[in-house]
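Right, one structure below, let's go through it.
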Amino acid sequence: MTKSELIARLAEANPHLYHRDVERIVTTVFEEITNALAIGNRVELRGFGAFSVKNRGPRIGRNPRTGEAVDVSAKYIPYFKTGKKLRERLNAGS
Amino acid sequence: MTGSTVTRLQLGEAVYQEVGLSRNESAELLEAVLNRISDALANGETVKISSFGSFSIRQKGQRIGRNPKTGEEVPIHPRKVLVFRPSQVLKSRINENSRLETG
């Protein structure tokens, strides 16, 4: 399912809304999560999961082709931990 | 870095500010977004949100685990796990300011 399919499915279930508004809702949700992570906040959505930012320290990497050592600087990476309810749903009936 | 936690409340408020719906309906729509994503994942679908990232399901095989306290061997059953792969856009948004200097 892509973002546009998600919008289409929501629009179908909510015929009283303009398609354009459904699009704005979906875009807003992901933009807000992105903005929160960009300032170092954590986003916790009980039952679904939590987004957070993890720090990766600097390290010496290697160019896999030449074997040459390269400095990789410290960076932040987004991380998602699946919520309990969703995790249980994924494994329901197995 | 502020380090506080954003929840449904703030996301619902952002939807409310953006679209001309009531607070209640905004909260319901946020929930509907999360539910649609969960439904798709529970069906084994991969969910790709452009400029954010993709959620996919990975099947894990059975393995032998160990109770770290007692040393006892316990089987870990095969299971499905959700993997989130952030998009390049999200990764660069998170690294664009200079928080690194203080961290």
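Derivation of every value follows stated rules applied to the coordinates shown; laboratory data play no part. Everything numeric here is computed off the predicted structure, so don't read it as measured data. Note: ideal-geometry Cβ built from the backbone for every residue, glycine included; neighbour counts use all protein chains shown.
Observations on the structure shown:
- Net +/- balance of residues flanking A:Arg62 in space, Cβ distance below 13 Å, scoring K and R +1, D and E -1: 0
- Gyration tensor (alpha-carbon) shape descriptor, region A:1-41, a/c threshold 1.5: prolate
- Cα gyration tensor shape of chain B, rounded if a/c is under 1.5, else prolate or oblate by comparing a/b with b/c: prolate
- Relative contact order computed over chain A (Cα-Cα under 8 Å; 6+ residues apart), in percent: 21
- Cα gyration tensor, region A:42-94 - rounded (a/c under 1.5), prolate or oblate: oblate
- Measuring between alpha carbons in the structure, the pairs from A:Lys81/B:Lys48; A:Lys54/B:Lys48; A:Lys84/B:Lys91; A:Lys75/B:Lys48 lying more than 20 angstrom apart are A:Lys54/B:Lys48; A:Lys84/B:Lys91; A:Lys75/B:Lys48.
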